Each structure stands twice: as C-alpha cells, then as structure tokens.
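Undergrad: Got a structure for you, questions after.
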Amino acid sequence: MLPFHPAAKAKYDVKKLPADVTSITRFYPEVMRCLQCNTCSRACPQELSVIDIVGAAMRGDIATAADLSFDCIMCGLCATRCPAEIVQYYVAILARRLYATHLSQRAKHLQVRLQEMKDRLYDADLERLTHLSTAELTALYNAREIEKEAA
C-alpha cells in the first residue's frame with residue numbers, strides 16, 4: 001500500500017459545471033503550468049501516462065482525460081514529483097466526474113430499473129428474501145438463471 005499524498009481539493013457542484021477546459025482551469029489553474037517534464041508519469045506505480053491525462057485536461061478533452069485516468073489509484077506520487085505543483089489525481093477525478101455527469105450516455109436498462117425501484121416493484125420480493133434462512137437463500141442462489149456472457 002502506498003502512502004496517500006494530501007493536497008488541497010477543490011469543492012464544486014459538478015452538475016453546475018460545463019464539461020470543458022474552463023472547469024479544469026477554474027479549480028486547478030496550475031494545470032496550465034505543466035512543463036511536460038514527464039516526472040509524473042515516471043512516478044506512477046500504475047504506469048499511467050499521467051502527462052497525457054494532464055495534456056487532455058489542458059485541451060479540454062474531458063473524455064480522454066477521464067478514460068486515461070480510469071486506473072488511477074490516487075496515491076499522489078505524481079503530485080509529489082510535479083515541479084508545477086499540479087495535483088494530477090484531483091484533475092483526473094474532476095474529469096471523470098464531468099464525463100460521468102455530462103458526457104456519458106445513460107444506460108437505458110438502468111433508467112428502467114431505477115424507475116421500477118422508485119415504483120417499489122421489488123419491495124415484496126425483498127421482504128420475502130429477508131425472512132429466508134441461509135440454506136434457503138443458498139438454494140435459491142444456486143438455482144438462478146445465469147445470463148450468457150457477451151461475445
């Protein structure tokens with residue numbers, strides 16, 4: 001386990017922010033001081049191209065920054081090494097939040113399921129399941145229909 005590197009985290013309401021470079025530079029203006037020295041990428045234990053994440057954020061390419069930073073474990077080693085004092089992992093998490101809130105497509109089946117839950121369609125089943133014994137739950141689980149894997 002790597003030690004966490006504390007840094008100042010901006011407070012924002014991602015729903016009120018545009019999904020572009022202005023959101024990045026408003027809360028993390030130091031991103032524009034990037035020297036392209038690549039010490040961030042060399043320090044990354046996940047071997048992420050942190051410099052490319054920062055570059056995408058600087059261009060306002062939120063989707064690319066979010067995608068490239070998906071495996072970031074937020075250890076802070078990139079920020080520790082950065083001469084421009086960029087907190088790359090917070091920039092990355094802002095990009096991922098902007099992407100998820102404004103740019104990603106909503107899964108239709110998830111929206112249907114959420115509405116079913118709001119309509120309380122599963123309350124009776126849940127109530128029944130909470131009163132089953134462990135053996136009955138195990139038998140029910142083992143007898144379930146398993147979806148085939150997508151090719």
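The values are calculated or read from the model by the stated rules, or taken from the named source; none is laboratory data. Just so you know, these numbers come straight off a predicted model, no measurement behind them. Note that each Cβ is placed from the backbone with ideal geometry, even for glycine, and that neighbours are counted across all protein chains shown.
Undergrad: Please work out if Ala92 is at pLDDT 95 or above and closer than 30 Å to Arg26 by Cβ. So that I can check it myself, show each step before the final result.
TA: Values: at pLDDT 95 or above: yes; closer than 30 Å to Arg26 by Cβ: yes.
So Ala92 fits the description; yes.
Undergrad: Test of understanding: among Ala79, Ala95, which residue is out of contact with any Phe, Trp or Tyr (no Cβ under 8 Å at 6 or more places or on another chain), buried (at least 19 other Cβ atoms within 10 Å of the Cβ) and touching a residue at least 60 places away in the same chain (Cβ under 8 Å)? Let's see the steps before the verdict.
TA: Details: Ala79 fails: out of contact with any Phe, Trp or Tyr (no Cβ under 8 Å at 6 or more places or on another chain).
Of the residues listed, the single one that is out of contact with any Phe, Trp or Tyr (no Cβ under 8 Å at 6 or more places or on another chain), buried (at least 19 other Cβ atoms within 10 Å of the Cβ) and touching a residue at least 60 places away in the same chain (Cβ under 8 Å) is Ala95.
Undergrad: Follow-up. Based on what the data block shows, is Ile146 within 30 Å of Ala8 (Cα to Cα) and either assigned to a loop (DSSP other than H, G, I, E, B) or of a type in the set (D, E, K, R) (or both)?
TA: Numbers: within 30 Å of Ala8 (Cα to Cα): no; either assigned to a loop (DSSP other than H, G, I, E, B) or of a type in the set (D, E, K, R) (or both): yes.
Judged against the criteria, Ile146 is not a match.
Undergrad: I've got another one for you. May I ask you to list the residues in the stretch 22-42 that are surrounded by 13 or more Cβ atoms within 10 Å (Cβ to Cβ) and in a helix (DSSP H, G or I)?
TA: Those that are surrounded by 13 or more Cβ atoms within 10 Å (Cβ to Cβ) and in a helix (DSSP H, G or I): Ser23, Ile24, Thr25, Arg26, Phe27, Glu30, Val31, Met32, Thr39, Cys40, Ser41, Arg42.
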